[in-house]
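Quick notes on the structure that follows.
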Amino acid sequence: MTYIVGLTGGIGSGKSTIANWFAEQGVTIVDADIIARDVVAVGEPVLDAIAAHFGPDVIAEDGSLNRSKLRQRIFENPADRHWLEALLHPLIRERMMAACQSAQSAYCLLVVPLLVENKLTGLCHRVLVVDVSPEQQVARTMQRDQADEAQVNAIMASQASREQRLAAADDVIDNNGQDRSLIKAAVAQLHEKYLTLASQ
Ligand code: ADP
């Protein structure tokens, strides 16, 4: 059974940046966002269930999911959101686990932005939280996404608080600093620790 380290953090905390540094050490990365996109890719049978529930206008001409239309529908109707989550979450979870189990590295890094929110910490042997101040989160996300402050604040309000996330952490990476070499060194140290834990 593959040893699974869950990596999480709020929007703009630095998850992708830090995951890339683990990947440089040869660690297999399983990205929940990519899997969530793949489960509703063209040709996936689950699209038929979505079309049956929401009507054919959530499927585009080319058979792909009309994400903005679907997003609008579930935004307007919480019951529809729950229906969709009940359909997709088990599938996503299953595929994440399958991807982790087929990892070739000594352990696998499972990157899940909403690990705490969706109560998925139980899938992981260890939880690593990327921690930054809310001010840094806002500033870095605004710059990365060309978003305005209100948009970023709204997303942050829908996510777990810094305290909730830290309460779920076994390990924490402090990504507040600008000196990337220091953060890279912290990644290298954690990597050694995870190799040891995975071998036990
Ligand atoms: P997430 O995947 O958690 O949303 P990213 O890894 O995309 O976050 O990081 C958000 C933005 O902040 C990116 O533009 C990234 O280059 C930048 N960033 C990440 N870590 C640092 C850091 N320590 N110092 C300065 N900028 C950083």
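Every read-out reported here was derived from the displayed coordinates using simple, explicitly stated rules and does not represent laboratory data. Everything quoted here is computed from the prediction, not taken from an experiment. Cβ placement follows ideal geometry from the backbone for every residue including glycine, while neighbour counts extend to all protein chains displayed.
The convex hull defined by the C-alpha atoms of region 79-179 has an orientation-averaged projected area of 8.4 nm².
Once the Cα atoms are used to define both axes, helix 78-101 deviates from the longest principal axis of the chain by about 50 degrees. Listed by chain and number, the aspartates and glutamates whose C-alpha is less than 16 Å from the C-alpha of Lys184, apart from same-chain residues fewer than 8 away, are Glu24, Asp131, Asp171, Asp174, Glu192. Annotation for region 103-171: trypsin sites (Lys or Arg not before Pro) lying in DSSP loop with at most 13 further Cβ atoms inside 10 Å of their Cβ are Lys119. Please state the shape class of region 1-75: rounded when a/c is under 1.5, otherwise prolate if a/b exceeds b/c and oblate if not, all from the C-alpha gyration tensor. Prolate, since a/c reaches 1.5 and a/b exceeds b/c. Only helices enter this figure: runs of n ≥ 4 DSSP H residues, each worth -39500 (n - 2.57), summed and divided by the residues of the chain, yield -17000 deg cm²/dmol at 222 nm to the nearest 500.
The relative contact order of region 70-200 comes to 27 percent, based on Cα pairs under 8 Å that sit 6 or more residues apart.
Please compute the length gained on full extension between Asp57 and Ala139, using 0.36 nm multiplied by the number of residues separating them and subtracting their Cα-Cα distance.
Once the chain is fully extended between Asp57 and Ala139, it gains 25.8 nm.
Model label sites at Ser158 and Gln104, defined 7 Å from Cα along the beta-carbon direction, differ in position by 3.8 nm.
In region 45-92, the inverse of the mean reciprocal separation of distinct Cα atoms equals 10.9 Å; this is its Kirkwood hydrodynamic radius.
Specify whether the C-alpha gyration tensor of the chain places it in the rounded, prolate or oblate class, a ≥ b ≥ c being the square roots of the eigenvalues: rounded for a/c under 1.5, otherwise prolate if a/b is larger than b/c and oblate if not.
It comes out oblate by the Cα gyration axes.
Listed by chain and number, the aspartates and glutamates whose alpha-carbon sits under 14 Å from that of Lys119, ignoring those within fewer than 8 places in the same chain, are Glu85. Here the dipole of the chain is about 300 debye; that uses its Cα centre as origin and unit charges on the Cβ of Lys and Arg (positive) and Asp and Glu (negative). Ranked by how many other Cβ atoms sit within 10 Å of their own Cβ, fewest first, the residues Thr17, Thr141, Thr8, Thr196 fall in the order Thr196, Thr17, Thr141, Thr8. Available extension along the chain between Leu91 and Ala167 is 24.6 nm, counting 0.36 nm per residue and deducting the alpha carbon span. With angles folded into 0 to 90 degrees, how steeply does helix 67-76 sit against the dominant principal axis of the chain? Use alpha carbons for both and round to 10. That helix lies at roughly 80 degrees to the long axis.
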